[in-house]
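Undergrad: Once you've had a glance at the structure underneath, I'll fire off some questions.
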Amino acid sequence: TQFRALLLLLLLLLLWFYYTSGVFCARRFRGGRNPQPRRAPPSPAYRDRADTTESFPLDFTAVEENMDNFMTQVKNLAQSLYPCSAQKLDYDMKLHLLENTSVTCNDGSPSGYYLKESRGSRRWLIFLEGGWYCFNKENCDTRYETMRRLMSSSKWPQTKTGTGILSPLPEENPHWWNANMVFIPYCSSDVWSGASPKTDQNSYAFMGSLIIQEVVKDLLSKGLDNAKVLLLAGSSAGGTGVLLNVDRVADLLEGLGHTAIQVRGLSDSGWFLDNKQYHCTDCVDNVSCSPTETIRRGIKYWGSVVPEECRLTHEGEEWNCFFGYRVFPSIKSPVFVVQWLFDEAQLTVDNIQLTGQPVQEGQWRYIQNLGIELRNTLKDVPAMFAPACLSHEVITRNYWIDVQVKGTSLPRALHCWDRSLHDSNRNNKAPPKGCPMHLIDSCPWPHCNPTCPTIRDQFTGQEMNVIQFLMHMGFDVQKMAQQQGMDPAKLLGMLSSGS
């Protein structure tokens, strides 16, 4: 009886530890820096049923006769509790400035990265931050005055909390939570492409491509040398930076003798189109310039480096390599592309304004055609996730697990991609059954997917439902119903129900 009471006490202590750790983790997360508004969970029809929580039941039957089995179960429970408790000790990523001080931010201050190590894990995730760019001295001076954090490390905090795919919480990041997390702040303003130092003639350094190389070298002494997988991820300008640099990182590691590390890319909201603007204006800044014109000017100012095969294909017009559908065929490393079909940044540079007055019919047609064009450029990308939403960036948002395409969430699609690469390395060429990784919405207008992020009116801050949003966009229910060959009341009912 005393023996059984002792075992029960041990179990109660473990359960108490689990409860307090879980409460601590949840509170720490919800009260952390830069909290994101949480969306309501998707409807059951859109919930990803494949992600379930693992449990470790304890069986007291004949404990005294089988002590080894009981202790194994206790050990399993303890291991399942450890990740949450460990977050109390080392939750945040910590700032490390580069040892090579010649590779700098725009203003000459040292570049660096944030790191959260996960002892024992052989998976590394390196994330490239986004934040537009500048392409001449005048708009770089303005950027330095208004957005200095994106050009200098002088005010960087000592720690940073990871969210989305950088989160250490399994509930928010089901497949990458225990990886070694690296966040590289964007301070080069060159879409991670530059290789030019600051000189007496050049007011600013543009060294984005070199920063990535130096961070990777630094990390080799911190455990990256023993890595199995390195995922180079990024959002917006960082997403384009992934396309420009993933093969360079793979070549760097191979050249240093680390041939066993599998280098992969994850590009979020960096797949821009070099399409014609809706309304052409003089090229004064990032917003007024066409995408092609800003990159044409930028690559000369930045001293950009682009993938060699793409450079040879577009010799003399290397600006083409900054556009996903043009550079993708030349990339050798596996890359997963995440792209909203109606990207807010793309619409901004195309001079489509979504605030103020309802969108005119010509603008509405332009927006719909943008979705069609983007679908066409993605059709040959084997691993991708493209919801029909009006938004920008997703993988570091804590609602990234809620958005789904055809019933599959983004974390699930990434897990399927991981599995397919693992299986192909084992000479199993067939993709995993029931595990889709080429996912693109087919519905024709923004936010026709009911799991899209919440839309807020930019003036009032109030949430808008799908019908309110479409009315704001100048959506003509009668006309659209006629085009679709259905009764207007039926179309309104479908929109109201999120179908």
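Undergrad: I'd like the accessible area for E309, computed on protein heavy atoms only with a 1.4 Å probe and all protein chains in place. Round to 10 Å², please.
TA: 100 Å²
Undergrad: Quick check: residue separation of K94 and D107 times 0.36 nm, minus the Cα distance between them. What number comes out in nm?
TA: 2.5 nm
Undergrad: For a 31 Å ceiling on Cα separation, which of these pairs sit above it: K160/K217; K160/K228; K198/K222; K160/K379?
TA: Pairs exceeding the cut-off: K160/K379.
Undergrad: Hey, any idea what % of the range 192-324's accessible area is carbon plus sulfur with a 1.4 Å probe?
TA: Carbon and sulfur together cover 47 percent of it.
Undergrad: Of K406/K433; K94/K406; K94/K137; K116/K332; K276/K300, which sit over 27 Å apart, Cα to Cα?
TA: K94/K406; K94/K137; K116/K332
The values are calculated or read from the model by the stated rules, or taken from the named source; none is laboratory data. Computed from a predicted model, the values in this text were never measured in an experiment. Ligands, DNA and RNA are stripped out before the accessible areas are found, and what is left, the full protein with its side chains, is counted by its heavy atoms. Shrake-Rupley method; radii C 1.70, N 1.55, O 1.52, S 1.80 Å.
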